[in-house]
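Input: a single structure, listed below in structure tokens.
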Amino acid sequence: MAVTDHGVDHARREYAKPPIKIFKNLSSKIAAIPMILTATVIFIGCSGWTIVHSFTNSKLLPKLDFVGFDQYERLWSSRRWLISVENLFIYGLCSLVFTLVIGFLLAALLDRKIRFENTFRTIFLYPFALSFVVTGLVWQWILNPEFGVQSIVRGLGWESFTFDPLYNSDIVIYGILIAGLWQGTGLIMCIMLAGLRGIDEDIWKATKVDGIGTVKTYLVVIIPMMKPVFVTALVLIASGIVKVYDLVVAQTSGGPGISSEVPAKYVYDTLFGRQNLGQGFAASTMMLVMVVIILIPYVYLQFGGKKDQ
Amino acid sequence: MTRVSHLTTADAQLQGPKGPKPKRAFSGANLFIYGTLIVMSLYYLLPLWVMIVTSLKDMAEVRMGNIFSPPAEITFQPWVKAWSEACTGINCDGLSRGFWNSVRILIPSVLLSITVASVSGYGLSMWKFKGSEVFFNILLLGAFIPYQIMLYPIVIILRELGLMGSLGGLVLVHMIFGMPINTLLFRNYFSSIPQELFKAARVDGAGFWAIFFKIMLPMSLPIFVVSMIIQVTGIWNDFLFGVVYTKPAIYPMTVQLNNIVNSVQGVKEYNVNMAATLLTGLVPLVIYFISGKLFVRGIAAGAVKG
Amino acid sequence: MTVIENPSVSIKNLDLNFGAVKVLKDLNLDIASGEFIVLLGASGCGKSTLLNCIAGLLEVSGGQIHIGGTNVTWAEPSDRGIGMVFQSYALYPQMTVRGNLTFGLKNAKVPKAEIEKRVARAAEILQMEELLDRKPGALSGGQRQRVAIGRALVRDVDVFLFDEPLSNLDAKLRTDLRVELKQLHQQLKNTMIYVTHDQVEALTLADRIAIMKDGLIQQLASPKEIYNRPVNKYVADFIGSPAMNFFEGTVDSGVFTAGNLSIDLKGYEFTPTGKLGGLAWFGIRPENVIVGGDGPVQIDVIAEIVEPMGADTLVWTHVAGAPFRIRMDGTSTVKMGDTFGVSFDPAHASMFDKVSEERL
């Protein structure tokens, strides 16, 4: 009996697993090499490399001469960096609020079973197909005080009218905001519209029977139901904001003076213009920190929530 | 006479509201909806209009006139100049050079990134192996990492590979940064294909590549188009990678456009600048207007990423 | 249990784990050549998992699978000598019917003439010659399922696997195809392993049914045996619609007592191992309860709910505090609130131990 049992066990162990594990699914593993390299070498490796080198005093060339948090101290005492962060903060906050409000409003209006829906949608979305460089240059032209909006209003008889955001360091960031909103709201509108279309028709029927007004239905019923869509939109907008670069380069080149600088431009200029690598690495690490701060609650909601189910 | 009495009896039987409810042609709500939509449309259309009219005026008219007014006399001179004569630094052969550079960057980048992403997405959906999901999640999170932090190390890698400042290097960079969104797109698409189809093909003796080429590819044309739209517009519109990883002779169109318009030398020729801007925006705009619904689908796919 | 000589399919000590979850537990099953086996169970019982293991579409965690005398535990699905038919048909949408039928053969590098021959034969058997050049999108549900069967047929294999093949069809078509499948089996005499959750399919098609629950085979027997002598309360409850009536009570010296109901068990065939006393379940099928009649057990009932179902009429009532269903003739004129007498014979009943729920 014991012998037979042993025999069975032996057979089972022998057949339990194929002989060489690595060769199983080999094609799939080979096909995954680019993805694995991108994930590990580029996303993890390169980011890690930069973070490590942000603690060195690398100048023209990267070298592992560690100086602790010196680069960060220098960074946070640099006027240009502080202005960059302040600009990003103002731009980010306004962009977030306006994009969400305008995006949702437009989506809700388009969802009212209107005529020419496709035409309107096409109009609101086309700027999204254009690059930030093109966006920046067009709005640079429209906001040009000599020829653009300001001169037109003055020409209409309001001689003292002033609207020259690109030449006024106090409001230049709002000039960029106008262009950014023009380019990006269509995307959020599209996502919101998809979210609205995903809401059960019966909800609308139920609120109609209950006698709840349209605006109230949106505020009390629909928007709470669209929470995931809002979260998605929020993450998309936020991660886009941190990357803002081309728009500023094209529209103002950071000017007037340094009043419209942003962190991404600071990084590029220190790395490739002033060849102060350590400083550039510290700045880009700070950008990553900003993204992580934005992403943590989101990842927590997304992945932490799933585990509870 | 009888007819009249007949009508009155019918009316007597059905008193109160009957038939379709009378509608007002312009209700307050409609006025608000269409009013808002039209005003917003003006904001979105204005820049396109300004670009077009400015690019069709001569400089004299630009200087004295209103930027919104249509050209008194249409001239295509600014377009010609923008395309073939505008100067960046020492080169004065116009945007055409940038256009062809962008085309040369675009075609291999799009082909390579879609090939790699589609195969990765296919593997992730049907041939999972231990750890494949981990790499995929890293890839997705990577999409949120600011490019700036990876710029310099990639310079080093490209230099080691001998690709720094070359077309090949930029193509590789576009492939890398196009991977998260496109892999996700393909993975989600292939995951929506019934598992049983995959099982049937395996019973029929087809392996990894046979199933990909013979079963999956023929039924996923739409998703390839969506991915292509994302990649073509994304790569064409790229500025940062072009400026970092190439050299002036092979700068893509966006970089060259910026250099033309924002160059400090010489007299500003706004009409030429706008023609150049329009020229650069033309490729993605054409794709946008042709692809219509598929473009929207690509955007929705991007949103799933969140 | 009967020992099968030279089984067509033999499953030995099969384990399958998904992470920490044990889906199949030390499962053994021998299937004779030419036998039609149905794996029946509620969703999540492991029946489809078992079929996928046999097909080689899932990697087993332990144990062996033999097909046609060969150990195929590590073999690729296409090398196992099986054909498989799926619930969703799983036809390749961009290929014609002919392309679907020949795809596997081309992969196996079967000579062209041989392919032609097999396709012609399959098309003839399944009467779909005129469909060969159409795409799956242009076929009806029944036609698609026929093509899916054809795809298994052309492989010229000894074992066919069916994964709920009729579930996606409407009721009438399902009945028609069921009969066709039975004819096909009689004609081809292949071994067939068929997964379903539909007990009518199982009872009508199977030579033997394996009822599964929680990764274990509860009972493996002929449809008749399963229906009349279920080995435990789960099987008794699962098979039969409407379900068996149960009373909870005690057995003492050949008499079952539940509340004021007392049944003399004379005529009931106890299993050799069943104990003859203690807490127990007494089960009797609604169709074994006869209106009027002179069975040993006579009860008066009040019709609480009457459900006319065409061929039958179902009457719901309570006996000894337990819900009680009676299946009557469709022509019955019983109305709600009527009182009438019924009878049944304990010889038709099934008794189970209260705790282990095994047959007594």
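The values are calculated or read from the model by the stated rules, or taken from the named source; none is laboratory data. Values in this document were obtained by computation on a predicted structure and should not be read as measured data. Because the Cβ atoms are built from the backbone with ideal geometry, glycine has one as well, and the counts that use them run over all protein chains shown. For the accessible areas, the whole protein counts, side chains as well, though only heavy atoms, and no ligand, DNA or RNA atoms are used. Shrake-Rupley method; radii C 1.70, N 1.55, O 1.52, S 1.80 Å.
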**Meets criteria (crowded, with 18+ Cβ neighbours inside 10 Å and of a type outside the set (Ser, Thr, Tyr)) for C:ALA202** = yes
**Message:** One residue is enough: does segment A:131-140 have a residue meeting the conditions in contact with a Phe, Trp or Tyr (Cβ under 6 Å, 6 or more places away or on another chain), open to solvent by less than 30 Å² (accessible area, probe 1.4 Å) and in the same structural domain as A:ILE258 (by TED's automatic domain parsing)?
**Reply:** yes
**Message:** Can you list residue pairs whose Cβ atoms sit under 6 Å apart, with the first residue in segment C:192-215 being in a helix (DSSP H, G or I) and the second being open to solvent by 10 Å² or more (accessible area, probe 1.4 Å) and not basic (Lys, Arg)? Count only pairs 6 or more apart in sequence or on different chains.
**Reply:** C:LEU203/C:PRO223
**Message:** Whether any residue in segment C:268-284 is over 24 Å from C:ASP338 (Cβ atoms), in contact with a helix residue (DSSP H, G or I) (Cβ under 6 Å, 6 or more places away or on another chain), open to solvent by less than 70 Å² (accessible area, probe 1.4 Å) and part of a loop (DSSP other than H, G, I, E, B) is what I want to check.
**Reply:** yes
**Request:** Determine, yes or no, whether B:PHE239 is open to solvent by less than 10 Å² (accessible area, probe 1.4 Å), farther than 26 Å from A:LEU26 by Cα and aromatic (Phe, Trp, Tyr).
**Result:** yes
**Item:** Index of the failed condition, A:SER160 passing every other in (1) over 22 Å from B:ASN262 (Cα atoms); (2) within 10 Å of chain B (Cβ to nearest Cβ)
**Value:** (2)
**Asked** Mind checking which residues of segment A:257-290 are open to solvent by 10 Å² or more (accessible area, probe 1.4 Å), in contact (Cβ under 8 Å) with a residue 24 or more places away in the chain and over 17 Å from A:THR56 (Cα atoms)?
**Response** A:GLY257, A:ILE258, A:SER259, A:LYS265, A:LEU288, A:MET290
**Request:** Name, by its number, the condition in (1) assigned to a helix (DSSP H, G or I); (2) within 11 Å of chain A (Cβ to nearest Cβ); (3) open to solvent by 10 Å² or more (accessible area, probe 1.4 Å) that does not hold for B:ILE145.
**Result:** (1)
**Request:** State whether one or more residues within segment A:30-47 are modelled with pLDDT under 85, hydrophobic (A, V, I, L, M, F, W, C) and under 40 Å from the mean Cα position of the chain (by Cα).
**Result:** no
**Complete:** Those residues of segment A:244-256 which are open to solvent by 10 Å² or more (accessible area, probe 1.4 Å) and assigned to a helix (DSSP H, G or I) amount to A:ASP246, A:VAL249
**Complete:** Of (1) in contact (Cβ under 8 Å) with a residue 40 or more places away in the chain; (2) closer than 22 Å to B:ILE52 by Cβ; (3) open to solvent by 10 Å² or more (accessible area, probe 1.4 Å), A:PHE116 satisfies every one except (1)
**Complete:** Filtering segment B:148-175 for residues that are open to solvent by 30 Å² or more (accessible area, probe 1.4 Å) and at positive phi leaves a count of 1
**Prompt:** Which one is surrounded by the fewest Cβ atoms within 10 Å (Cβ to Cβ), of the residues in segment A:24-59 that are over 30 Å from B:TRP127 (Cα atoms), within 12 Å of chain B (Cβ to nearest Cβ) and touching a residue at least 60 places away in the same chain (Cβ under 8 Å)?
**Reply:** A:ILE51
**Request:** Would you check if B:LEU257 is within 11 Å of chain A (Cβ to nearest Cβ) and touching a Leu at 6+ places or on another chain (Cβ under 8 Å)?
**Result:** yes
**Request:** Sort through C:LEU181, C:LEU132 and tell me the only one that's in contact with a Phe, Trp or Tyr (Cβ under 9 Å, 6 or more places away or on another chain) and without any contact (Cβ under 8 Å) to a residue 40 or more places away in the chain.
**Result:** C:LEU181
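Taking segment B:112-124, which residues are among the polar types (S, T, N, Q) and either crowded, with 22+ Cβ neighbours inside 10 Å or facing chain A (nearest Cβ under 9 Å) (or both)?
To start, the set of residues in segment B:112-124 that are among the polar types (S, T, N, Q) comprises B:113, B:115, B:118, B:120.
Once the filter is applied, which keeps residues that are among the polar types (S, T, N, Q) and either crowded, with 22+ Cβ neighbours inside 10 Å or facing chain A (nearest Cβ under 9 Å) (or both), segment B:112-124 yields B:SER113, B:SER118, B:SER120.
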**Message:** Would you confirm, using the coordinates I've provided, whether A:ALA233 is open to solvent by 50 Å² or more (accessible area, probe 1.4 Å), touching a helix residue (DSSP H, G or I) at 6+ places or on another chain (Cβ under 6 Å) and facing chain B (nearest Cβ under 8 Å)?
**Reply:** no
**Request:** Give the residues of segment B:203-240 that are within 9 Å of chain C (Cβ to nearest Cβ) and touching a Gly at 6+ places or on another chain (Cβ under 9 Å), sorted by residue number.
**Result:** B:VAL203, B:ASP204, B:GLY205, B:ALA206
**Prompt:** Can C:PHE86 be described as touching a residue at least 60 places away in the same chain (Cβ under 8 Å) and within 7 Å of chain B (Cβ to nearest Cβ)?
**Reply:** yes
**Count of residues meeting criterion [basic (Lys, Arg) and within 14 Å of another protein chain (Cβ to nearest Cβ)] in segment C:148-188** = 2
**Complete:** Restricting segment B:181-195 to residues that are β-branched (Val, Ile, Thr) and surrounded by 22 or more Cβ atoms within 10 Å (Cβ to Cβ), the one nearest to B:GLY298 (Cα to Cα) turns out to be B:ILE181
**Message:** Could you go through segment C:326-339 and let me know if any residue there is part of a strand (DSSP E or B), modelled with pLDDT of 90 or more and within 17 Å of C:GLU248 (Cα to Cα).
**Reply:** no
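Residue-wise test of (1) over 21 Å from B:MET51 (Cα atoms); (2) among the acidic types (Asp, Glu); (3) at pLDDT 90 or above; (4) open to solvent by less than 10 Å² (accessible area, probe 1.4 Å).
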{"residue": "B:LEU217", "(1), (2), (3), (4)": "yes, no, yes, no"}
{"residue": "B:VAL226", "(1), (2), (3), (4)": "yes, no, no, yes"}
{"residue": "B:PRO248", "(1), (2), (3), (4)": "yes, no, no, no"}
{"residue": "B:TYR270", "(1), (2), (3), (4)": "no, no, no, no"}
{"residue": "B:ALA275", "(1), (2), (3), (4)": "no, no, yes, yes"}
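Per-residue answers, yes or no, for (1) in a helix (DSSP H, G or I); (2) within 27 Å of the chain's Cα centre (by Cα); (3) more than 14 Å from chain C (Cβ to nearest Cβ):
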residue: B:PHE136; (1), (2), (3): yes, yes, yes
residue: B:LEU140; (1), (2), (3): yes, yes, yes
residue: B:ILE149; (1), (2), (3): yes, yes, yes
residue: B:ILE154; (1), (2), (3): yes, yes, yes
residue: B:GLY168; (1), (2), (3): yes, yes, yes
residue: B:VAL171; (1), (2), (3): yes, yes, yes
residue: B:ILE176; (1), (2), (3): yes, yes, yes
residue: B:ILE193; (1), (2), (3): no, yes, no
residue: B:ALA201; (1), (2), (3): yes, no, no
**Message:** Just to be sure before I move on: is C:PRO296 open to solvent by 10 Å² or more (accessible area, probe 1.4 Å), in contact with an Asp or Glu (Cβ under 7 Å, 6 or more places away or on another chain) and not aromatic (Phe, Trp, Tyr) in the structure I sent?
**Reply:** yes
**Asked** Does at least one position in segment C:183-205 carry a residue that is within 20 Å of B:ASP204 (Cα to Cα) and basic (Lys, Arg)?
**Response** no
**Asked** Considering C:GLU358, C:GLU307, C:GLU287, which residue is open to solvent by 40 Å² or more (accessible area, probe 1.4 Å) and not assigned by TED's automatic domain parsing to the domain that holds C:LYS266?
**Response** C:GLU358
**Some residue of segment A:174-186 being open to solvent by 10 Å² or more (accessible area, probe 1.4 Å), over 19 Å from B:ASN237 (Cβ atoms) and within 11 Å of chain B (Cβ to nearest Cβ)** = yes
